[in-house]
Amino acid sequence: MADVWVLLDHEEGALSKVSLQLLTAARSLAAQAGGSPVAVFCGTGWERAKEAVARYGATKALVSESKDFDRYQPAALVETLAAVVGERTPWGVLFASGPAGKEVAARIGALLGLGVLADAISVSVDDAGRPLVEHAAFGGAVIVRKTLRSAPYLICLKANAVAAEESPASLEEETVPALVSDDAKRVTVAERVSTAAAGRPPVDQAAVIVSGGRGLQDPANFALVEALADELGAGVGASRAAVDAGWYPHAAQVGQTGKTVSPQLYIAVGISGAIQHRAGMQTAKTIVAINKDPDSPIFALVDFGVVGDLFDVVPKLTEEIRRRKHAG
Ligand SMILES: Cc1cc2nc3c(=O)[nH]c(=O)nc-3n(C[C@H](O)[C@H](O)[C@H](O)COP(=O)(O)OP(=O)(O)OC[C@H]3O[C@@H](n4cnc5c(N)ncnc54)[C@H](O)[C@@H]3O)c2cc1C
């Protein structure tokens, strides 16, 4: 079968943004492979999820509604999905390339003897009908192209590698039983604590990121970065120099020893563009830098560069975006 499956990432039926991006990617891959985009839903809250699943173009959903997926995570998911993938052999399965998606993909790969490609920043179908996957290596200095020889192809796609686009379809549903062996029940999730920062998207999920560096000079000046981010609905990132100085939490650090991000838009404010910072952000689709030093290495990377004092440029930029939003 040439269908392209997506393991939906969700919280009680509320789909994450990356799920919508995966559905968009699956549509394009299915068109190239000659199959259909299929959503796989495991957990609770399908009624809440299904309208968006159809809106983003899945023509079929395999639905396994059970609390066991929350209780025995991730073993229940691995066992259920491995069984259905092994039986129906789709063209491939797309997973969100976060810790959870990568773990599930790797365990299914081990169970079924399949290869897995993780951290993909793009995926297409080659002339032989196999996946052509790109990912960034050596701190982002090299883009590597890879394929898999063992089908079904298991591919973990990074958040924001694809922009989510709606394409409403009529959705057929099929119920799939949850499989949970006694082995899977040996580890039980005891408690869940949400650590998501209120309001702004986390840096590794945001489609737009505004990051601040040492050029901000004082932690209070991160308010300028936050105000710009809020106008754009963006996440806030930081350089290691800013994090090490205690100006911003480590969870926001972008770079070799922080998060690797691939947003649609990355705005670097008062960041020099050291190699270790670039390693975390140079696969962003569009890069903008605001820096007062015209020789700063960040300008070698940018699509748009503003040579100027951030304390002058950033408030004006924020104000102009606000004005244009309100104008229409
Ligand atoms: C092993 C290792 C791992 C590392 N991992 C990371 C990592 O994950 N992430 C990371 O970011 N770094 C990392 N680093 C640190 C990295 O080498 C740099 O030191 C760091 O990125 C510098 O941060 P910065 O650009 O904010 O500061 P700086 O290099 O000090 O740059 C500040 C910039 O602000 C500009 N500026 C100053 N004032 C203004 C103003 N008023 N208006 C406009 N521009 C202004 C300056 O021109 C300058 O370019 C790592 C280093 C090592 C050795």
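Please treat every number below as a calculation from the coordinates, not as lab data. These figures come from a predicted structure and were not determined experimentally. Because the Cβ atoms are built from the backbone with ideal geometry, glycine has one as well, and the counts that use them run over all protein chains shown.
222 nm [θ] for the chain, helices only, -39500 (n - 2.57) per DSSP H run of 4+, per residue, to 500?
Rounded to the nearest 500, it is -9500 deg cm²/dmol.
Taking a label point 7 Å from the Cα of residue 181 along the Cα→Cβ vector, which residues of region 95-119 have an amide N closer than 12 Å to it?
111-112
Give me D for the chain in µm² s⁻¹, whole number, from Stokes-Einstein with Rh from the Kirkwood sum over alpha-carbon pairs, 20 °C and 1.002 mPa s.
Rounded to a whole number, D works out at 102 µm²/s.
Can you classify region 1-88 as rounded, prolate or oblate using the Cα gyration tensor, where a ≥ b ≥ c are the square roots of its eigenvalues, rounded means a/c under 1.5, and otherwise it's prolate if a/b beats b/c and oblate if not?
In terms of gyration-tensor shape, oblate.
Rounded to the nearest 20 debye, what is the charge dipole size of region 213-328 about its Cα centre when +1 sits on each Lys and Arg Cβ and -1 on each Asp and Glu Cβ?
It comes to approximately 320 debye.
Explain nothing, just the number: dipole magnitude of region 86-191 about its Cα centre with +1 on each Lys and Arg Cβ and -1 on each Asp and Glu Cβ, in debye rounded to the nearest 20.
Approximately 540 debye in magnitude.
For region 52-146, take N as its residue count and report Rg(C-alpha) divided by 2.2 N^0.38 Å.
Region 52-146 yields a ratio of 1.21.
Sort 138, 222 by Cβ crowding within 10 Å, fewest neighbours at the top.
With the fewest neighbours first, 138, 222 line up as 138, 222.
Residue 147: net charge of surrounding residues, Cβ under 9 Å, Lys/Arg +1, Asp/Glu -1, itself excluded?
After counting each charged neighbour, the total is +3.
Please give the net charge around residue 124, taking every other residue with its beta carbon less than 13 angstrom from that of residue 124, where Lys and Arg add +1 and Asp and Glu add -1.
+1
Which value, in debye to the nearest 20, describes the size of the charge dipole of the chain about its Cα centre when Lys and Arg Cβ atoms bear +1, Asp and Glu Cβ atoms bear -1, and nothing else is charged?
Magnitude of the dipole: close to 400 debye.
Give me the Debye-computed log₁₀ of I(q)/I(0) at q = 0.11 Å⁻¹ for region 4-186, equal point scatterers on Cα only, no solvent, two decimals.
-0.42
Near residue 257, within a Cβ-to-Cβ distance under 12 Å, what is the net charge of the other residues, with Lys and Arg +1 and Asp and Glu -1?
Summing Lys and Arg as +1 and Asp and Glu as -1 gives +1.
What does the highest-first list of 96-108, 286-298 look like by mean Cβ count within 10 Å?
96-108, 286-298
Using packing as a proxy for protection, rank 120-133, 256-269, 10-23 so that the peptide with the highest average count of other Cβ atoms within 10 Å comes first.
256-269, 10-23, 120-133
Name the shape class, rounded, prolate or oblate, that the alpha-carbon gyration tensor gives for region 105-221, where a ≥ b ≥ c are the square roots of its eigenvalues, rounded holds for a/c under 1.5, and otherwise prolate holds if a/b is larger than b/c and oblate otherwise.
Oblate shape, in that a/c is at least 1.5 and b/c is the bigger or equal ratio.
With 10 angstrom as the radius, rank 24, 175 by how many other C-beta atoms surround their C-beta, starting from the fewest.
175, 24
For region 209-255 and region 98-168, what is the centre-to-centre distance using only Cα atoms, to the nearest Å?
30
Please work out the Kirkwood hydrodynamic radius for region 208-327, using every pair of different C-alpha atoms, and report it in angstroms with one decimal place.
13.9
Determine, for 6, 208, the number of other Cβ atoms within 10 Å of each Cβ, and report the residues in order from fewest to most.
Neighbour counts put them in this order, fewest first: 208, 6.
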